[in-house]
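Report on the following structure.
The values are calculated or read from the model by the stated rules, or taken from the named source; none is laboratory data. Computed from a prediction, not measured in an experiment: that's the story for all the values here. Cβ sites come from the backbone with ideal geometry, for glycine too, and all protein chains shown count toward neighbours.
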Amino acid sequence: MSAAVEAAAKRLRIALYSDEKICADADGIIARVEEEIENLKSAGQLKSVNQSYRAYRLETSARGEKAAPYADWLNKYKANLVRELAAALRHA
């Protein structure tokens, strides 16, 4: 990273992170999301998630389209959670 970029970031009070740090943080978030989903699954507490999938299926069918299988939909759901958490961490 150039000294000019580092100086500008410091002047603007912008934190800079290495690619390795960002990847490590993302891996940690992904692991936490996976663990939480598994905990909810084990405790039978995925009711709101399952209701979201049902609503998605009904909306998709109403448009005459085929809904994605639950496992595929859940993977997209988790990916969106990770994106939302990453965005929240950027602003924290």
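Annotations for the structure displayed:
- The residue pairs whose first member lies in region 1-17 and is within 18 Å of His91 (Cα to Cα), whose second member is among the hydrophobic types (A, V, I, L, M, F, W, C) and surrounded by fewer than 10 Cβ atoms within 10 Å (Cβ to Cβ), and whose beta carbons are closer than 8 Å, counting only pairs six or more residues apart or on different chains, are Ala9/Ala15; Leu16/Met1.
- Checked against (1) within 14 Å of the chain's Cα centre (by Cα); (2) of a type in the set (A, V, I, L, M, F, W, C); (3) surrounded by fewer than 14 Cβ atoms within 10 Å (Cβ to Cβ), Leu12 meets all criteria but (1).
- Scanning region 47-92 for residues that are in contact (Cβ under 8 Å) with a residue 40 or more places away in the chain and surrounded by 12 or more Cβ atoms within 10 Å (Cβ to Cβ) gives Lys78, Leu81, Val82, Leu85, Ala86.
- Only one of the numbered conditions (1) under 17 Å from the mean Cα position of the chain (by Cα); (2) surrounded by fewer than 10 Cβ atoms within 10 Å (Cβ to Cβ) is violated by Cys23, and that is (2).
- Evaluation of Glu35 against the conditions (1) surrounded by 11 or more Cβ atoms within 10 Å (Cβ to Cβ); (2) part of a helix (DSSP H, G or I) shows that the sole unmet condition is (1).
- With respect to (1) of a type in the set (A, V, I, L, M, F, W, C); (2) assigned to a helix (DSSP H, G or I); (3) modelled with pLDDT of 85 or more, the lone exception for Leu89 is condition (3).
- Of all residue pairs spaced 6 or more apart or on separate chains, those with beta-carbon atoms under 7 Å, a first member in region 27-44 that is closer than 15 Å to Leu74 by Cα and a second member that is outside any helix (DSSP H, G or I) are Leu40/Leu46.
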